[in-house]
Amino acid sequence: MKLSNITLIFMMSLLMVACGGGGGGSTSAPTPAAVIEEPTEPEVEEPTVIVVAEPELDPNAIYDATAELIVSKSFLLEQEYELAVSYQNVDNRSAYVSVCTEFTEGQNGIKVNYNSCMLRTSINGDYSGTLTVANDQNRLIMAIWYLDDTKNPRYEIWDNDSDTNDVRKFEVN
Amino acid sequence: MNIYIIWRVFCSLHNSHRFYVEVEFTMLNSVRRNTVKGIILAIGMTNVGLHAESFSECPAEAFLIQDKIANLYTVQLATGFYEKFSPNDWDQEKMNALAFSIHDRYLYAFNYYYGTIVRIGADLQVDPIFLTNLPDKGFYVGDISVVENAYYLYRPGGNYGLYRVSLDENSNDYLQLGNVVDGTTLNLAIYDLAFHPDNGFAYAVDRWGNLWKINVQAGTSENLSNVGEAGVFGAVYFDVTGNLYISRNNDGNIFRINTNWDYPVAEFFAYGPSSSNNDGARCALAPIISQENPTTDFGDAPDSYGTSINNNGARHDIEEGILFLGEIVESEPNAYADNGSGVDDNDGIDFVTGVAAGTTALVDITSSAEGFVNAWLDSDKDGEFDADEQIITDEAVTAGSNVVAYDVPTWAETGTTWTRFRLSSEESLSPIGGVADGEVEDYAIDIAEQNVTSLHYPSSETWATLAFEDHWPLVGDYDMNDLVVHYRLSSYAVEDTLMRVKIEGEIVAIGASYHNGFAFRLPGLLRSEVDTGRLSFKINGVEQSATPLEADVDEAIFIIADDLWDFVTAGENCKFYRTEAGCGSSIQMTFSLEIPMEANVNKTNVADFPYDPFIFASQGHERSYVFGEAPGRRFEIHLKNQAPTETFQANFLGRGDDTSDATNGEYFINANGMPWAINIPYEWEHPVEYMDIMYAYPHFHSFVTSSGELNVDWFTFEKSTQDNVFKQ
C-alpha cells in the first residue's frame, strides 16, 4: 500500500514535470484532489522500505535531465573553498588588513576595490582566521595599511592552486 | 564600447555673419560632456529694421551682464557655473537693467553708449531702440513683464522713478517711455528686479535684505519679509515655480527665496560669479536645470541629507569637465534621475580602512586635478549631515591618489549610515547647495565597533544567490527559479564576541504560483541574544515597524516576508516575476537587516555563512496534494542537509519524493540525493521558466556527479548558455 502510494505520487510528479508544471509554478498544472490526508504514522514508518539503496554514483554518467541526476547524499553542493588567512605583524604596528577579490595593477601601482572584500580588520598584533571563498575566485589580494605610514600600504597577492587537496593557506609574514 | 558624440555648436553671426560648427567625438573614458550648448536658430527678422536673431527657446540658463566694456555670461543658477557668452571682440560698452522677453525671446538692456535701450539677439547682435522722453541718466534696474509685453525700468530719486515702455508694436504707446511713479514715492534701494512667472508683480531685495513685491501698474510696493541676507543684489531671477534667485555682487553667492511662502527667507543656494557691476535676466518660464541637457551632478544619499534640487541638494556643474572624483562624472537633471547611461560615476573614494567609532580612518581620494575636498559622516545616523559631522575640512588634493586620515567621533553609532564627499575649486563648502565645478559622491558605509573584525559573504558589495524549487516534497522541473534571492552577509566580531550581523538582499525572481515566505535562521543564536531595541529591518529602504524576529520560538529566526507575492507582481501578460522571456521588470523588493547582539554572544556558537536561509508556506495558501490542508508555517524548504526549524512539522519529512533521514543528518533531499535549494556565491543568472538548469549551465551535472571536483565554477556568466538564462 505504501509503495503504491509512493509510486502514484512519483508518477504524478512526472506528469507535472511533463506538463511543465514543476516548481509549483504552474496554475495550469493539474491539481488532483487531495487524495492523501495526513499520514497516520509517518514518523514511525521510516522510509526504509522505499529507500531501496543509495543510487550508484557514477562521476562519468551522462544524464538527460537534472531529474535523473544522482549525487552523493553527503555532498552539499557547496561552491566555496576554505582559506586559512594569516598575517604576522612583526612590530605589532597599528594596521588595517583587508582581503579582497578585485584589484587592478596599473602604472600607478595596485588599486584595490574595497567593495570586494571578504575580510576587514584593524590589528595591533598578528591576525589569523578562515575565509569562505567562492570557487570562481582564484586570485586574492591582502592590503595592509599602516596608520603610522599612510603613504606606503603593502599589498600581497595569493593565487589558488586548484589542484591541491590540502587546506589552502594565504600566509603573509 | 559606448561612444558618446558631443556636438558643440557655436554660432557667431555677429557683424560678419560667420557661422561655424564644431563637432567633437569622445570616447567613454574621457570626461563625458553631453550637453548641447548654444544651439541657436534664427527665427526671423522683425520690425523696426532690427536684424538680431531671437533665441529659439526659453533658455534654462540665466544671463548676466558685467563690466565697463560689457561681457555677457550665461549662468547655471543651480550651480553658479558661468561661462562667457559674448565674443572677445564684442566691443560693447557698459549695459545694465538686463531683461529677457518671453514675448519675442530677445534680451533687452539699457546701453550707456547709445544712451537708450537695446535689443540683443541670440547671435549677440546689439540693435539700439531709440525712445523719446528719456531721462538724463541711465537705468540699472529693469525687467520685462511676463504677463504684458512691456519693459519696466527703475532709478531712485525724485527726478526719476519707475518707467514703462511698451514693446508691443500693436499697442498705441509702442516704444513710448512713460513715468509710472516718481522715485521719491517709490523709493527702493534695489539694484535689479525680476517679474514673477505668472502673477504680474515684480520682486526685488534691497540692500538690507527686505523683499519687495512691486505693483508696476500702480507704482506701489509691499514689504513681504526680510530674507535674512543683506548686500547689493545686482542680479535677480525667477524660475517657473516662483523661486526668486538673488546674486550678491561682492561674493557671488546665490540665494534662493521661495516667494510662495508666507514669510519668504533666503537660503544659500550656490557659489556664483562676483562683480561690482552686475545685472541679470532669465526666461522666468524655464526650470533652472535643463531637463534635456543638464550639466549638473547630484549625490545619491536620501533626500533628508539635502540631495535633490527641491531640498537644495549638493550639486556641481560638470560643464567645465576638468575637476571631478575618480575617472568619470555624469550629469543628471536631478538627484535619483537615471540618465540611462548605466554608468556608475561614484568611483572617486576608496575606504581603504574601515570606519570605526573613536578611531582614525583612512580614505583614498582620487581627483582629476587640484582642488579641495570637504566630507561629512552622519555619525549619529539621524539622516542629516550636521556641522559637527564634518570629517574632512578644506583638504587640498592634487591630481591622482590622495590618502587622507580623519577621525571618527567616539560617539558615532554603529551600523549603516551615509557619507558625502565634495570636490571643488571652492575651498569651503557646506553639505548642501550648488557649486560651479567638481563633483559630489555619496556612499552608504558601515560604522563599526572599535577593533572589530568584519567578515563578508561573498564579499562586502557582491551578491550570492539562493535558488529554490518550491514543489517539495515533490520533485520539480529543476529550472531553479521558483524563488531566486540575491543576498550578502556580514558579521562583526571583537575577538570572540559577536557584535552584529548584517543581512542584505533582493528578490530577483519568482517562477512559482505557490505563495512562499522567506526567512533566515542564525543557527546557534538564541532569540533572547538579539538586541531587539537596536534591531533594524528595512524593506525597499523603509524601516519596518513590525519586528522580523519570529515570535514564540527559542531560536533567532528572521522573517523577511510572510508572502513574497505581497511585495512583487508579475509583468503584464506574465504569470511570474522575472522568469519568463519578455517578462522583465526592475527588482521590486530589497531588504536589509541589521542584527545587533546583546552582550557576550560567543561567535563560535553561531553557525558560519550562509547561516540557514529557507522558505516556508504562506499561511492560508494551499500546497500540493501531499498536504491535506494549507500547511502554512509548518512547511519549510532548506538547503541540502540543513535541519528544519522547531516550527516545522516533522512528519512532513519523507512524504512525496523527499527521502530525508534525520538520524543521518539528511534533510530536504530526494532519492537521488538532489536538494530543493542551492546556494551560489555569485550574482547568478537563473534559467528562464521551465528550462532545466542543465541547459542554462552545461557544466552543472559534471560538478555534481564529481562531488565538486570538476567544473567548480559552473555557475559563472562565462560558463552559462546565455540564451537559456533569464534576461530582463
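The values are calculated or read from the model by the stated rules, or taken from the named source; none is laboratory data. None of these values were measured; they are calculated from a predicted model. Every residue, glycine as well, gets a Cβ built from its backbone with ideal geometry; the counts of neighbours run over all protein chains shown.
Assorted remarks:
- Only strands (runs of 3 or more DSSP E) whose full extent lies in the range B:216-327 are considered here, and the ones with at least 3 residues that are free of Cβ contacts under 8 Å to residues at least 40 places away in the same chain are B:220-226, B:253-258.
- Total residues in the range B:442-495, condition over 30 Å from residue B:316 (Cβ atoms), without any contact (Cβ under 8 Å) to a residue 60 or more places away in the chain and among the polar types (S, T, N, Q): 3
- Here the range B:433-453 is the region considered, the condition is being assigned to a loop (DSSP other than H, G, I, E, B) and touching a His at 6+ places or on another chain (Cβ under 7 Å), and the residue that is nearest to residue B:383 (Cα to Cα) is B:438.
- Of the residues screened, residue B:553 is not one that is in a strand (DSSP E or B), closer than 19 Å to residue B:614 by Cβ and in contact with a Lys or Arg (Cβ under 7 Å, 6 or more places away or on another chain).
- Qualifying residue in the range B:325-336 (condition: modelled with pLDDT of 95 or more, buried (at least 17 other Cβ atoms within 10 Å of the Cβ), in the same structural domain as residue B:380 (by TED's automatic domain parsing) and hydrophobic (A, V, I, L, M, F, W, C)): yes
- Qualifying residue in the range B:211-227 (condition: within 32 Å of the chain's Cα centre (by Cα) and under 18 Å from residue B:64 (Cβ atoms)): no
- Answer from B:615, B:637, B:680 - the residue that is buried (at least 22 other Cβ atoms within 10 Å of the Cβ), at the interface with chain A (Cβ under 9 Å from one of its Cβ atoms) and modelled with pLDDT of 95 or more: B:680
- Count of the range B:561-595 residues which are in a strand (DSSP E or B) and under 20 Å from residue B:513 (Cβ atoms): 3
- The range B:697-712 residues that are at the interface with chain A (Cβ under 7 Å from one of its Cβ atoms), paired with ones that are in a helix (DSSP H, G or I) (beta carbon under 7 Å, 6 or more apart): B:701/B:694; B:712/B:703
- Residue that is farthest from the other protein chains (Cβ to nearest Cβ) [pool: residues in the range A:158-173 that are loosely packed, with under 15 Cβ neighbours inside 10 Å and touching a residue at least 24 places away in the same chain (Cβ under 8 Å)]: A:173
- Of the residues screened, residue A:93 is not one that is touching a Leu at 6+ places or on another chain (Cβ under 7 Å) and more than 25 Å from residue B:326 (Cβ to Cβ).
- With respect to (1) under 26 Å from residue B:83 (Cβ atoms); (2) in a strand (DSSP E or B); (3) touching a Ser or Thr at 6+ places or on another chain (Cβ under 8 Å), the lone exception for residue B:331 is condition (2).
- Residue in the range A:147-167 that is hydroxyl-bearing (Ser, Thr, Tyr), farther than 25 Å from residue B:405 by Cα and at pLDDT below 95 present: yes
- Qualifying positions in the range A:95-126 - assigned to a strand (DSSP E or B) and either of a type in the set (Gly, Ala, Ser) or more than 8 Å from every other protein chain (Cβ to nearest Cβ) (or both): A:95, A:97, A:98, A:99, A:103, A:104, A:105, A:106, A:109, A:110, A:122, A:123
- Selection within the range B:663-707 - assigned to a strand (DSSP E or B) and within 12 Å of residue A:74 (Cα to Cα): B:666, B:669, B:675
- Filtered residues of the range B:242-261 (kept if closer than 22 Å to residue B:316 by Cβ and of a type in the set (Gly, Ala, Ser)): B:247, B:252
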